[in-house]
Amino acid sequence: MTANFFNVIEVDPAKQKELIELLNEATETVIRHRPGFVSVTLFASVDGSKVINLAQWASPDDAKATMGDPAAQEFAKRTAALGKPSPGVYKIVSEFKGEPA
């Protein structure tokens, strides 16, 4: 069963770009090299006040193991210094798709 790690981070709009750069660095240097890594997608709110980090994992255990990794924890601390994170691991319970164009 795949797992989705969502982290909605509230941030001062003046620091949104810096936060995105930090999350990119974390993904390139640590996250993408962890067992079970599938993908990371970052979303930036248009008003600059939030960033959503969506990391997809092969299993919930892979996501949880990464959260316990010391290098990942260091990036989590740096993220918390820039904004207010609200992380969690989620499973898909419903999905709707449109018709192909």
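The values are calculated or read from the model by the stated rules, or taken from the named source; none is laboratory data. Values in this document were obtained by computation on a predicted structure and should not be read as measured data. No Cβ is skipped: glycine too gets one built from the backbone with ideal geometry, and neighbour counts run over all protein chains shown.
Looking only at region 52-101, how many residues end up being loosely packed, with under 13 Cβ neighbours inside 10 Å, closer than 14 Å to Ile9 by Cα and modelled with pLDDT of 95 or more?
Of the residues in that region, 5 qualify.
Go through region 48-83 residue by residue and tally those that are touching a helix residue (DSSP H, G or I) at 6+ places or on another chain (Cβ under 7 Å) and either assigned to a helix (DSSP H, G or I) or more than 16 Å from Phe5 (Cβ to Cβ) (or both).
9
Residue under question is Val8, and the condition is that it be modelled with pLDDT of 95 or more, surrounded by 15 or more Cβ atoms within 10 Å (Cβ to Cβ), under 22 Å from Lys91 (Cα atoms) and among the β-branched types (Val, Ile, Thr); does it hold?
In short, yes.
I'd like to verify a number: residues in region 21-37 that are of a type in the set (Val, Ile, Thr), surrounded by 14 or more Cβ atoms within 10 Å (Cβ to Cβ) and either assigned to a loop (DSSP other than H, G, I, E, B) or more than 12 Å from the chain's Cα centre (by Cα) (or both), how many?
Initially, region 21-37 is screened for residues of a type in the set (Val, Ile, Thr), giving 27, 29-31.
Checking the rest, the ones that are also surrounded by 14 or more Cβ atoms within 10 Å (Cβ to Cβ) come to 27, 30-31.
With the extra rule that they be either assigned to a loop (DSSP other than H, G, I, E, B) or more than 12 Å from the chain's Cα centre (by Cα) (or both), the set shrinks to 30.
Residues meeting the conditions: 1.
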